[in-house]
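Peer 1: The structure under discussion is supplied below as structure tokens; questions concerning it will follow.
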Amino acid sequence: MHLTGQYPQWWSGKRFAKAVRAWAAGVTKESTRDVVQDKLIGPPQQSDDWGMGLVPGAAIGSISMARGLADAIDTVSVRHVSGAWSNLQFKSYERGREKWQGTGLEAVWFDEEPPVDVYLEGLTRTNETDGIVYLTFTPLNGMSAVVDAFLREFNEL
């Protein structure tokens, strides 16, 4: 929704009136391709099916493929209702915190629990934009630093 700006009428969460910059990531390049890319763009093995994920095919613009992993997307542009192009980049945790430094982002999605330094770097990307961070994981590592930070923040509300 944030990439396209197409929000359902019932949506009461954060909305972006302009195109966004977003990162979506998993533990490895493979899991990012097989899970995250599949959910958002469509099955990685069949580029004809890209657009069968949560991002509608009609909104998908240019796609830049990643190097070193078959069928993996690096970056995709997505048409926002404002007329501008949102930019989605796929990342992984395995390359370390340094690869998470850089630009401000409106949205970050962590699929599976990231290392705490990667989580904090991703969170920092949204500070200047008043952006949003999503985490989808089961806390298999128990009371990790990421879980503790999240629960402490939640309990302070």
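The values are calculated or read from the model by the stated rules, or taken from the named source; none is laboratory data. This is a predicted model, so every value here is computed, not measured. Quick reminder, even Gly has a Cβ in these numbers, built from the backbone with ideal geometry, and neighbours come from all protein chains shown. Calculation scope for accessible area: heavy atoms of the full protein, side chains included, ligands and nucleic acids excluded. Shrake-Rupley method; radii C 1.70, N 1.55, O 1.52, S 1.80 Å.
Peer 1: Where nothing but the Cβ of Lys and Arg (+1) and of Asp and Glu (-1) is charged, how large is the charge dipole of the chain around its Cα centre, in debye to the nearest 20?
Peer 2: Details: 15 positive and 20 negative charges, 101 e Å.
That gives the chain a dipole magnitude of about 480 debye.
Peer 1: Moving on to the next point. Give the shape of the chain as rounded, prolate or oblate, defined through the alpha-carbon gyration tensor: a ≥ b ≥ c are the square roots of its eigenvalues, a/c under 1.5 means rounded, and otherwise the shape is prolate if a/b is larger than b/c and oblate if not. Walk me through the intermediate numbers first.
Peer 2: Details: a/c = 1.74, a/b = 1.23, b/c = 1.42.
Cα axes put the chain in the oblate bin.
Peer 1: Additional query: Taking the solvent-accessible surface of protein heavy atoms with a 1.4 Å probe, what is the per residue accessible area of the chain in Å²?
Peer 2: Numbers: 8750 Å² over 157 residues.
Value returned for the chain: 56 Å² of accessible area per residue.
Peer 1: Continuing with the same structure: Considering the chain as a Gaussian network with a 10 Å cut-off on Cα pairs, which listed residue, Ser64, Ser77, Ser92, attains the greatest mean-square fluctuation?
Peer 2: Residue with maximal mean-square fluctuation among Ser64, Ser77, Ser92: Ser64.
Peer 1: Mind checking which of Glu128, Glu30, Glu112 has the largest fluctuation in a GNM of the chain, springs on alpha carbons under 10 Å?
Peer 2: Looking only at Glu128, Glu30, Glu112, the biggest GNM fluctuation is shown by Glu128.
Peer 1: Could I ask something else about it? Which one of Gly102, Ser82, Thr129 is farthest out on the positive end of the charge dipole of the chain, using unit charges on Cβ (Lys, Arg +1; Asp, Glu -1) and the Cα centre as origin?
Peer 2: Ser82
Peer 1: Still on this structure: So which residue, out of Phe90, Phe137, Phe110, gets the largest mean-square fluctuation from a GNM of the chain using Cα contacts under 10 Å as springs?
Peer 2: Fluctuation is largest for Phe137.
Peer 1: Follow-up question, since we're still on this one. Under 37 °C and 0.692 mPa s, how fast does segment 20-90 diffuse according to Stokes-Einstein, given a Kirkwood radius computed over C-alpha pairs? Answer in µm²/s, whole number.
Peer 2: On the way: Rh = 11.9 Å.
D = 275 µm²/s.
Peer 1: Taking 0.36 nm per intervening residue step and subtracting the Cα-Cα distance, what contour gain separates Gln6 from Thr129 on full extension?
Peer 2: On the way: separation 123, 0.36 × 123 = 44.28 nm, distance 1.95 nm.
This chain segment gains 42.3 nm when fully extended.
Peer 1: Rounded if a/c is under 1.5, else prolate if a/b is larger than b/c, else oblate: which is segment 69-108, with a ≥ b ≥ c the root eigenvalues of its Cα gyration tensor? Before the final figure, lay out each step's value.
Peer 2: Numbers: a/c = 3.72, a/b = 1.48, b/c = 2.51.
Here segment 69-108 falls in the oblate category.
Peer 1: How many percent of DSSP beta bridges within the chain run antiparallel, rounded to 5?
Peer 2: Working: 9 of 24 bridges.
Counting DSSP beta bridges with both partners in the chain, the antiparallel share is about 40 percent.
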